[in-house]
1. Using the Karplus curve 6.51 cos²θ - 1.76 cosθ + 1.60 with θ = phi - 60°, work out ³J(HN,Hα) for each residue of region 118-129 in order, rounded to whole Hz, and write x for Gly and Pro.
2. Net charge near Thr121, counting Lys/Arg +1 and Asp/Glu -1 over other residues with Cβ under 9 Å of its Cβ?
3. Determine, for each peptide in 85-93, 4-12, the mean count of other beta carbons within 10 angstrom over its residues, then list the peptides with the highest first.
4. Each label point is 7 Å from the Cα along the Cα-to-Cβ direction; what then is the distance between the points at Asp12 and Ala134, in nm?
5. Considering only the other residues whose Cβ falls under 14 Å of the Cβ of Arg53, what net charge follows from Lys and Arg at +1 and Asp and Glu at -1?
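Values in this text are rule-based calculations from the coordinates and carry no lab data. Please read these numbers as outputs of a predicted model, since none were measured by experiment. When we count neighbours, we look across all protein chains shown, and the Cβ atoms used for this are built from the backbone with ideal geometry, even at glycine.
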Amino acid sequence: MALALGDLLAADAFVALWHRWDRVQRADHPVAYARGVVANMARARIRALTRERRRIHLFWTAVPGRAQHPDVDAVMDVRRALARLPFRKRACVVLRHALDLSEKDTALALGTSVGTVKSQTSKAMAELQRLLGAQAAEELTGTRH
């Protein structure tokens, strides 16, 4: 029998309360403390589900373009360079430049701020320029500096 989301949340809350049992016992209102833990866990789960739904929606609504005659060697060089980037920087570059998402949509997809997307994309592009050369990085993103 499958457990409902509420049952899973209650079980997770009991585990969290058990781990913090010393705080529960010292609380002036232990029941209110427990309710607060459940409410915070529910909010966190709702936020996570919302972010995941946004990511799925953005993924399925993006329409990537297809190259007519791809340069396989260049593609492999780019893939290797991207693989060397940390996840968030790589995700920012791919979402912004490969999937052509806006900074706002990229931030929503990654569950972060627009400022973080801007800084991570900038740092990633600097790293790609170092790894691939300035001209290859510009061709990758379609930008000229």
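1. 4, 5, 5, 5, 4, 5, 5, 5, 5, 5, 5, 4
2. Computed value for this residue: +3.
3. Per-residue mean Cβ counts within 10 Å order the peptides as 85-93, 4-12.
4. 4.9
5. +3
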